[in-house]
Amino acid sequence: MDKTIPAVIKKYNGDETRLMDILIDIQAELGYLSDATIARIAKTLNIPQVDVEQTVSFYHFFAREPRGRYTVYLNDSVVAQFHGRAAVVRAFEEAAGCAFGQVSPDGCIGLFDTACIGMSDQEPAALINDVVFTSLTPAWAREIVAGLRAGKTVAELQGDRLGDGQNAHPLVHAMVCNHIRRRGSMVFDDYQPGAALRRVVALSSSEVIAQVKAASVRGRGGAGFPTGMKWEFARKAPGDVKYIFCNADEGEPGTFKDRVILTELPQLVFEGMAIAGYAVGARQGILYIRNEYRYLRAYLEQVLSDMRANNLLGPLIVGQAGFNFEIKIQYGAGAYVCGEESALIESAEGKRGEPRDRPPFPVEKGYLQRPTVVNNVETLCSVVKVILNGPEWYNNLGTAESKGTKVLSVSGDCEWPGIYEVVWGFSVNDILKMVGARDVQAVQVGGPSGACIAPKEFNRILAYEDLATGGSLIIIGRQRDLLPEVVLNFARFFRDESCGSCVPCRALTGMAQIVLEKIIAGRGTPTDLDRLSAWSAIMKRNRCGLGQTALNPIVTTLKNFRGLYDQRIKAGDDRFEPAFDLAAAVRDYDRAVAGT
Amino acid sequence: MPKKIIATASLAGCFGCHMSFLDIDERLLDLIELVEFDKSPFNDLKEFSRACDIGLIEGGCCNDENVHTLINFRQRCRVLVAVGECAIMGGLPSLRNVIPLQECLAEAYLHGPTVAGGATPNVIPHDPDLPKILDRVYPCHEIVKMDYFLPGCPPRADLIWDALVALVTGQELKWPYATFKFD
């Protein structure tokens with residue numbers, strides 16, 4: 001410990017804005033971040049200890065106490081539950097000799113729940129010391145624990161299991177599968193590395209923005225903000241230091257498209273960032289990627305250095321004077337809210353990932369208070385293709401307000417979960433047919449923050465003008481008990497992931513979960529349903545998208561599956577709370593006085 | 001217009017909300033033109049004599065007697081209002097909710113530093129005439145449906161007055177921002 005902390009901090013030049021990297025590296029060395037470690041970090045960086053504690057306590061991959069020599073983070077998303085997670089949990093617990101949330105008595109194995117790790121097409125999945133294990137079974141879970149106890153490494157336990165495509169690349173070496181089921185004409189089409197960068201230097205920066213505007217490229221993260229307009233704001237913002245961020249934090253449960261794009265086409269994404277840099281006048285790009293995808297780090301670094309070697313990154317890109325652009329990779333540490341652009345920026349500055357008040361918007365004052373563009377992975381891919389093929393080509397794809405293609409992450413109850421690139425305008429029915437889904441009860445469009453829709457709406461189309469989506473579709477079969485198996489899981493997710501900054505979000509995500517549990521237990525009242533609906537209006541006052549949409553799982557199922565709620569509600573006189581049990585409430589007292 | 005009938009009770013509260021009610025001062029004279037009091041500490045009526053229009057509840061529920069009183073109020077009152085922090089969220093008494101009841105009672109009656117050692121062994125009070133302590137302090141709405149909530153510790157007299165006038169006259173209550181701004 002004596003040498004690790006100063007060495008890591010020195011590596012980052014004692015820069016407190018690199019606190020995330022510092023903590024990640026130190027934890028990798030020391031296993032966890034003890035109070036003494038935190039004090040030492042604060043002292044070495046010369047910042048208040050509480051600042052370090054704030055950041056550490058915010059992210060769930062930062063451990064304040066030992067989490068075992070081997071730490072199993074088992075995804076507890078809805079889709080993992082669908083695919084037999086409960087049995088895998090039991091197997092891990094029995095084999096390790098401890099419950100989830102604990103470390104085995106010998107200190108060897110720690111078992112922890114974690115939110116969706118972006119493997120919804122191959123669940124149940126877990127991260128064990130940064131190595132991804134997919135499609136886990138109870139037998140395999142027991143084998144893993146026994147192997148680790150017997151002194152095998154995680155890599156040995158992975159063995160020769162390797163996924164398709166670049167997952168088998170020696171620097172990735174993961175058992176993760178891409179499952180690209182349908183290649184569209186944009187992202188997963190033929191791609192010539194460097195061609196777009198050579199093309200772009202023939203244009204002025206304003207011409208590049210004009211092309212992106214003419215193509216009506218919109219942000220693919222879900223909100224659909226016009227990309228050209230965002231770039232123009234940043235270009236016109238005063239200052240000569242500007243930043244381009246690629247948002248690869250995809251934490252929305254059920255979403256995994258960015259993982260596949262970054263596995264197969266990282267250079268396409270990096271070129272998109274360089275083009276954005278050229279257009280905006282930025283010389284530094286940062287790929288903010290979620291910690292769950294850290295298994296890609298050696299590979300991504302290699303792609304970046306190959307690009308530098310090929311003059312596609314660094315100074316004088318493709319020989320063009322004045323075109324200088326560098327990219328660095330910033331890892332998160334487990335926080336869904338960091339997908340929100342201003343929270344992502346805060347996180348990249350080494351702080352808690354709490355969304356900022358806006359205005360000022362990041363395009364005016366973003367990373368380190370400089371003008372900053374934050375674009376989704378897929379948005380940046382679109383831009384490269386617009387530069388190569390022209391705005392007219394792009395405009396011919398899609399619907400009136402949604403141009404181009406969308407990469408969908410499909411998971412849940414269907415035959416072929418995976419990645420589908422479709423032009424905007426497909427109906428939900430079209431997609432269900434394509435993915436081999438039968439007997440569907442509901443589809444969760446756009447993840448928990450989106451909408452849970454019923455079959456009567458399956459003729460709606462995926463487009464910004466109808467069902468806007470960041471690209472995740474979770475298919476929920478008839479056999480699922482929607483409220484306990486899906487809605488409650490999402491409600492817990494939002495309670496866990498709320499950053500706590502806005503009171504409505506902090507309080508109501510917890511209260512909504514309590515009320516939902518009460519309804520599921522058959523002790524809900526009509527007033528509870530009114531209350532849930534009323535709260536959703538209050539939630540619109542929260543600062544960020546997480547808070548504004550956190551009750552959507554409840555609100556949209558109340559709208560589309562009202563019958564499921566009504567059948568659990570006690571009808572009649574609701575002046576008295578059925579959930580209150582006086583006999584149970586005095587039991588502790590009776591026990592306490594029994595002996596006296 | 002016939003006078004509205006009001007009942008009030010203090011459960012696990014400190015009577016501060018009732019005191020704040022009295023702080024409407026000379027408006028009490030206006031109030032008794034509009035309302036009559038039934039069961040309430042103000043007139044020391046221990047039992048309900050009729051159905052009431054409005055019930056004002058101070059305090060949450062910390063024992064079974066509170067629960068019975070609250071349920072009785074819900075049965076007798078058309079509109080039930082949670083007055084003040086304790087009724088709304090449990091308030092100060094609910095600070096014990098993070099400590100198991102057994103530990104609380106042991107500290108208070110058996111082992112606490114202020115428990116004097118005497119000839120007889122210390123006991124946790126229990127007697128058929130004493131209310132039983134609940135496992136935790138409950139806000140009123142977890143036991144019966146509450147129709148309205150008046151925030152504050154205590155709610156200011158003006159707020160209580162305005163709310164009563166609104167309830168009695170059937171007009172909408174205007175809630176200025178300052179009503180909720182406690183910092």
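When the residues of the stretch A:559-578 are filtered to those that are more than 7 Å from every other protein chain (Cβ to nearest Cβ) and of a type in the set (A, V, I, L, M, F, W, C), the one that is farthest from the chain's Cα centre (by Cα) is A:A571. From the list A:L197, A:L171, which residue is among the hydrophobic types (A, V, I, L, M, F, W, C) and open to solvent by 50 Å² or more (accessible area, probe 1.4 Å)? Just one listed residue meets the conditions, A:L171. Taking the stated definitions as given, is B:L150 under 27 Å from A:P526 (Cα atoms) and in contact with a Leu (Cβ under 8 Å, 6 or more places away or on another chain)? Considered against the rule, which asks whether it is under 27 Å from A:P526 (Cα atoms) and in contact with a Leu (Cβ under 8 Å, 6 or more places away or on another chain), B:L150 comes out as yes. The residues in the stretch A:122-154 that are surrounded by fewer than 20 Cβ atoms within 10 Å (Cβ to Cβ), touching a strand residue (DSSP E or B) at 6+ places or on another chain (Cβ under 7 Å) and in a helix (DSSP H, G or I) can be counted, and the count is 1.
Do we have any residue at all in the stretch A:97-108 that's over 23 Å from A:D413 (Cβ atoms), assigned to a strand (DSSP E or B) and touching a residue at least 40 places away in the same chain (Cβ under 8 Å)? Working first, answer last.
Our first condition is that a residue be over 23 Å from A:D413 (Cβ atoms); within the stretch A:97-108, this holds for A:97-108.
So of that shortlist, the ones also assigned to a strand (DSSP E or B) come out as A:102-103.
Within this subset, residues satisfying the condition of being touching a residue at least 40 places away in the same chain (Cβ under 8 Å) are none.
For the stretch A:97-108, residues over 23 Å from A:D413 (Cβ atoms), assigned to a strand (DSSP E or B) and touching a residue at least 40 places away in the same chain (Cβ under 8 Å): absent.
Among the residues of the stretch B:80-105, those that are in contact with a helix residue (DSSP H, G or I) (Cβ under 6 Å, 6 or more places away or on another chain), away from every other protein chain (no Cβ under 14 Å) and either within 17 Å of A:A592 (Cβ to Cβ) or among the hydrophobic types (A, V, I, L, M, F, W, C) (or both) comprise B:V83, B:A87.
Among the residues of the stretch B:106-156, those identified as modelled with pLDDT under 90 and either at the interface with chain A (Cβ under 8 Å from one of its Cβ atoms) or not in a helix (DSSP H, G or I) (or both) are B:G112, B:P113, B:T114, B:V115, B:A116, B:G117, B:G118, B:A119, B:T120, B:P121, B:N122, B:V123. Entry remark, the stretch A:228-271: residues being open to solvent by less than 40 Å² (accessible area, probe 1.4 Å), over 21 Å from the mean Cα position of the chain (by Cα) and closer than 28 Å to A:G450 by Cα number 3 in total. Mind checking which residues of the stretch A:100-121 are crowded, with 24+ Cβ neighbours inside 10 Å and either over 22 Å from A:E29 (Cα atoms) or assigned by TED's automatic domain parsing to the domain that holds A:E29 (or both)? Across the stretch A:100-121, the qualifying residues are A:C116, A:I117, A:G118, A:M119, A:S120, A:D121. Remark: A:A298 matches the filter, which requires a residue to be small (G, A, S) and either in a helix (DSSP H, G or I) or in contact (Cβ under 8 Å) with a residue 40 or more places away in the chain (or both).
Just to be sure, is B:R27 within 30 Å of B:D162 (Cβ to Cβ), within 12 Å of chain A (Cβ to nearest Cβ) and more than 14 Å from the chain's Cα centre (by Cα)? Write out each step before concluding.
Working: within 30 Å of B:D162 (Cβ to Cβ): yes; within 12 Å of chain A (Cβ to nearest Cβ): no; more than 14 Å from the chain's Cα centre (by Cα): yes.
Against the criterion (within 30 Å of B:D162 (Cβ to Cβ), within 12 Å of chain A (Cβ to nearest Cβ) and more than 14 Å from the chain's Cα centre (by Cα)), B:R27 does not qualify.
Within the bounds of the stretch A:522-533, is there any residue that is crowded, with 18+ Cβ neighbours inside 10 Å, free of Cβ contacts under 8 Å to residues at least 12 places away in the same chain, within 14 Å of chain B (Cβ to nearest Cβ) and part of a helix (DSSP H, G or I)? Within the stretch A:522-533 (the criterion being crowded, with 18+ Cβ neighbours inside 10 Å, free of Cβ contacts under 8 Å to residues at least 12 places away in the same chain, within 14 Å of chain B (Cβ to nearest Cβ) and part of a helix (DSSP H, G or I)), the answer is no, since none of the residues qualifies.
Just the residues that are among the basic types (K, R) and either in contact with a helix residue (DSSP H, G or I) (Cβ under 8 Å, 6 or more places away or on another chain) or touching a residue at least 24 places away in the same chain (Cβ under 8 Å) (or both), please, taken from the stretch B:132-183. Listed by number, the residues that qualify are B:K132, B:R136, B:K145, B:R156, B:K174.
The sole residue among B:I71, B:I24 that is within 22 Å of B:T169 (Cα to Cα) and either outside any helix (DSSP H, G or I) or at pLDDT 95 or above (or both) is B:I24. Counting just the residues of the stretch B:157-176 that are surrounded by 19 or more Cβ atoms within 10 Å (Cβ to Cβ) and under 24 Å from B:Q75 (Cβ atoms), which one comes out farthest from the other protein chains (Cβ to nearest Cβ)? Selected residue: B:I160.
The values are calculated or read from the model by the stated rules, or taken from the named source; none is laboratory data. Nothing here was measured: the structure is a model prediction, and the numbers come from that model. Positions of Cβ are generated from backbone atoms using ideal geometry, with glycine treated the same way; all protein chains shown enter the neighbour counts. When the accessible area is computed, the model is the full protein with side chains, heavy atoms only, and any ligands, DNA or RNA have been set aside. Shrake-Rupley method; radii C 1.70, N 1.55, O 1.52, S 1.80 Å.
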